[in-house]
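See structure below.
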Amino acid sequence: MPQTAIDIDSLKQKAFEFRKEILEMINLSGSGHPGGSLSAVEIMISLYFYKMKHRPTDPHWEDRDRLIVSKGHVSPVVDVTLANAGYFSKDELKRFRKMGSFLQGHVHTKTPGVEFNTGSLGHGLAVANGIAIGAKLLNKSFRAFCLMGDGEIQEGSVWEAAMTASHHKLDNVCAIVDYNQVQENGLVSEIKNLEPLTKKWESFGWHVLSINGHDFDALIKALDEAEVTKGKPTVIIANTVKGKGVEFMELKAAWHGKAPNAEQLKAAIQELESGRSK
Ligand SMILES: Cc1ncc(C[n+]2csc(CCOP(=O)(O)OP(=O)(O)O)c2C)c(N)n1
Ligand SMILES: [Mg+2]
């Protein structure tokens, strides 16, 4: 539930710790996706520690809000968020991508708190629509959130789902685009430009908010506005930086799916500790 007084400094402290834990777990496993995990840290914290109704001790509580992390390769930021929220022990993070671990290379329902398996891009928004329609049919107030990548929304299936959501007036759907400017092999603007992105979503019948996705005040305001916007779904275009907080990773496609070695991890943590990412 939203806290009455929001302590932005404590959210910023979490963001610092999350980045460190993400890098440590990917270093330990020797593989994983740091870039798109680091860009989504503030988004995930704002959802799980501010906006969403959820119960870590009762992950299947029927009135919970649901998040579909459609860009399923960012399991590190999902795992760190769920562990810190209390869905499972933080010790498990050390077993990320190890045989027998419930922390997988892509987001998986084996992990306590995960709603849907993802990895094949472009499917999450349709799932969120289904959850939202279900809520309306059941007269329930829970909401469906969907986090997508900017490269991901080049997929046609996203726009089919966007049409469906506005046609059915799914005001209980809130999509968030992690607009971190980079996809697997380069810049989104060069590979397949999304602009004018606000106009695209508006023309598909959505309420659109474009914000700085590393700014907690902006995220909180946008998530609150989405909740009170009626008659249409809301998309938050979160302008972010892929690899945020670690200069040698920032906006570098090479760090889309690559583990930092011991030396790189040390340098990255030093940089985070120097307060650069706050
Ligand atoms: C349907 C599909 N096509 C291709 C891939 C391979 N793939 C995995 S991540 C990725 C890039 C995604 O870029 P973006 O959505 O911008 O993610 P982020 O920058 O947040 O990591 C691609 C092409 C996939 N997982 N699914
Ligand atoms: Mg991207």
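The values are calculated or read from the model by the stated rules, or taken from the named source; none is laboratory data. Owing to the predicted nature of the structure, the values given are computational and were not obtained by experimental measurement. Here the Cβ positions follow ideal geometry from the backbone for every residue, glycine too, while neighbour counts run over all protein chains shown.
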Just the residues that are under 10 Å from the mean Cα position of the chain (by Cα) and charged (D, E, K, R), please, taken from the range 30-60. 42
Does any residue in the range 1-22 that is among the hydrophobic types (A, V, I, L, M, F, W, C) come within less than 9 Å, Cβ to Cβ, of a residue that is modelled with pLDDT under 95 and part of a helix (DSSP H, G or I) six or more places away or on a different chain, and which pairs are these? 16/273
State which residue is nearest to residue 142 (Cα to Cα) when the search covers only the range 46-74 and only residues that are crowded, with 24+ Cβ neighbours inside 10 Å and among the β-branched types (Val, Ile, Thr). 68
Some residue of the range 56-64 being within 16 Å of ligand 2 (Cβ to nearest atom) and closer than 30 Å to residue 155 by Cα: no
For a quick check of your reading: which helices (runs of 4 or more DSSP H) sit entirely within the range 1-68 and have at least 3 residues that are among the aliphatic types (A, V, I, L, M)? 8-29, 41-46
Looking at 237, 191, which one is of a type outside the set (Phe, Trp, Tyr), within 13 Å of ligand 2 (Cβ to nearest atom) and either in a helix (DSSP H, G or I) or out of contact with any strand residue (DSSP E or B) (no Cβ under 6 Å at 6 or more places or on another chain) (or both)? 191
Which residue, of 268, 238, is more than 16 Å from ligand 1 (Cβ to nearest atom) and buried (at least 22 other Cβ atoms within 10 Å of the Cβ)? 268
Considering every residue within the range 220-235, establish whether at least one is surrounded by 22 or more Cβ atoms within 10 Å (Cβ to Cβ) and within 16 Å of ligand 1 (Cβ to nearest atom). yes
In the range 82-118, residue surrounded by the fewest Cβ atoms within 10 Å (Cβ to Cβ) [restricted to those that are within 15 Å of ligand 1 (Cβ to nearest atom) and either in a helix (DSSP H, G or I) or among the hydrophobic types (A, V, I, L, M, F, W, C) (or both)]: 116
Filtered residues of the range 149-185 (kept if small (Gly, Ala, Ser), part of a strand (DSSP E or B) and more than 9 Å from ligand 2 (Cβ to nearest atom)): 175
